[in-house]
Amino acid sequence: MEIAKKLGLTDEIFSRMVVRTKMLFSNVLGHAGELHYEKFLIKENIKFIKVETDRHYDYLLGKSKIQVKRFETASTDSKNIGINLTQTHGDRSAEGAFYHKKDFDQLVVFDVLFKRFKTINSKDIPTNKRFSSHLIGRCKFKRDKNELLSETELDFLNTLKKQNKLFPNAIEELRSKLKFSYSELLGYSCGLTLDEIDSLFTEDNFRLVVGAKGFAAEEHFNVLLEENKISYNQDKDMYSKVDHWINGKIRIQVKIPHLKSVNDNRWAFKTHKSHGAKDKELYKKDEFDFVALFVGFKMNESLDKYLPIEVKNEFIIVPMSDLSEHPDYPGHLKRVSTFEKDKYKVNDLSLIKK
């Protein structure tokens, strides 16, 4: 896979990273639905236009606006297919977290393992109880007899239902049962070839690319720690702000640079979350001890805005005490932290060896 090579990983390590990281895995599955829908339209010789990222619909079929989703794991079962219609970014408690009734005309929902999809008219989706001009955030539709899940589909769904720390072990049990490599399991889960999955990682799907870069940095940090014979554990809690525990006590968060804020003299990285507002969006100053900033992605934005042209295993270890506090929210970090490029040595692990 080209994406794996550009991130300095093998196909198998990249696939392992995806299927064991529930957040990234869920995003890949979501984008897989769009590709499956395009394949269907092409096969049926239906003309379509794919719209730009961050619109409230994905395709135009004539004048009809089509939104594509995959099944929602939590509410999908053998009798119902569940749908999550909340927006993926911003404050999820406000009106903007939900789709307006006029945002799309039809919803296409792909079922488990992408073997079929269900088309639902927007007018058939319940109204949001708080915002009358918007659609409900989550809903379920009863399955027809020909839409019942097979045993293999139920196995996969029940694996995805495992929450948080239970998920990595559950996905390993499924892989063992199916006797798949990580690459085979990734392809099976998406219903796509590795080349087709590779095609999902584009500038249009920049959030998917940026997410993969972040998790790839964790893989490179594993290698650096192992090469230096430093004992570590990766935190399996997907909501934890700690990525690695060194010797069971030192808390590390792995980051990649925030390229828009980086310049010739300073490194920068985000220290805020994807959701929330005001102080709820910010990291607290006591949530980890060090940032391991991966500076090994060598970029050339004239060639590729998001993917590196070269990868080296290079980190800068930044103590939490050196990060600036937010001026308006004491005890929290600024949204973006910066420091001089010559302030720390690359791959100086002396602070975390203590």
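The values are calculated or read from the model by the stated rules, or taken from the named source; none is laboratory data. What you see is a predicted model, and the numbers here were worked out from it, not measured in a lab. Quick reminder, even Gly has a Cβ in these numbers, built from the backbone with ideal geometry, and neighbours come from all protein chains shown. Quick note on the areas: whole protein, heavy atoms, side chains included, nothing else; ligands and nucleic acids left out. Shrake-Rupley method; radii C 1.70, N 1.55, O 1.52, S 1.80 Å.
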Flagged pairs (Cβ under 7 angstrom, 6 or more apart or on separate chains; first in segment 327-344, closer than 15 Å to K284 by Cβ; second in a strand (DSSP E or B) and open to solvent by less than 40 Å² (accessible area, probe 1.4 Å)) are Y329/L282; H332/L282; L333/L282; R335/H272; R335/L282; S337/A268; S337/F269
Within segment 269-302, restricting to residues that are within 22 Å of D322 (Cα to Cα) and among the small types (G, A, S), the one that is surrounded by the fewest Cβ atoms within 10 Å (Cβ to Cβ) is G296
Right, V68: under 21 Å from G211 (Cβ atoms) and open to solvent by less than 30 Å² (accessible area, probe 1.4 Å) or not? yes
Condition check: under 19 Å from Y306 (Cβ atoms) and either modelled with pLDDT of 95 or more or of a type in the set (D, E, K, R) (or both). Does E226 satisfy that? no
Screening E173, E219, E226, E153 for residues that are over 19 Å from the mean Cα position of the chain (by Cα) and closer than 14 Å to R16 by Cα leaves only E173
Selection from segment 25-49 of residues charged (D, E, K, R) and either buried (at least 19 other Cβ atoms within 10 Å of the Cβ) or touching a residue at least 60 places away in the same chain (Cβ under 8 Å) (or both) yields E34
Heads up, the helices (runs of 4 or more DSSP H) in segment 132-251 (entirely inside) with at least 3 residues that are in contact with a Gly (Cβ under 6 Å, 6 or more places away or on another chain), hydrophobic (A, V, I, L, M, F, W, C) and closer than 30 Å to V109 by Cβ are none
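Considering every residue within segment 146-161, establish whether at least one is open to solvent by 10 Å² or more (accessible area, probe 1.4 Å), free of Cβ contacts under 8 Å to residues at least 40 places away in the same chain and in contact with a His (Cβ under 7 Å, 6 or more places away or on another chain). Talk me through it step by step, then tell me what you get.
The first filter runs over segment 146-161 and keeps only residues open to solvent by 10 Å² or more (accessible area, probe 1.4 Å), leaving 146-152, 154-155, 158-159, 161.
Subset that is free of Cβ contacts under 8 Å to residues at least 40 places away in the same chain: 146, 150-152, 155, 158-159.
From what's left, in contact with a His (Cβ under 7 Å, 6 or more places away or on another chain): none.
Within segment 146-161 (the criterion being open to solvent by 10 Å² or more (accessible area, probe 1.4 Å), free of Cβ contacts under 8 Å to residues at least 40 places away in the same chain and in contact with a His (Cβ under 7 Å, 6 or more places away or on another chain)), the answer is no, since none of the residues qualifies.
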Flagged pairs (Cβ under 7 angstrom, 6 or more apart or on separate chains; first in segment 295-306, more than 24 Å from Y344 (Cβ to Cβ) and outside any strand (DSSP E or B); second open to solvent by 50 Å² or more (accessible area, probe 1.4 Å) and among the acidic types (D, E)) are K305/E203; Y306/E203
The residue from I256, I309 that alone is at pLDDT 90 or above and farther than 19 Å from L323 by Cβ is I309
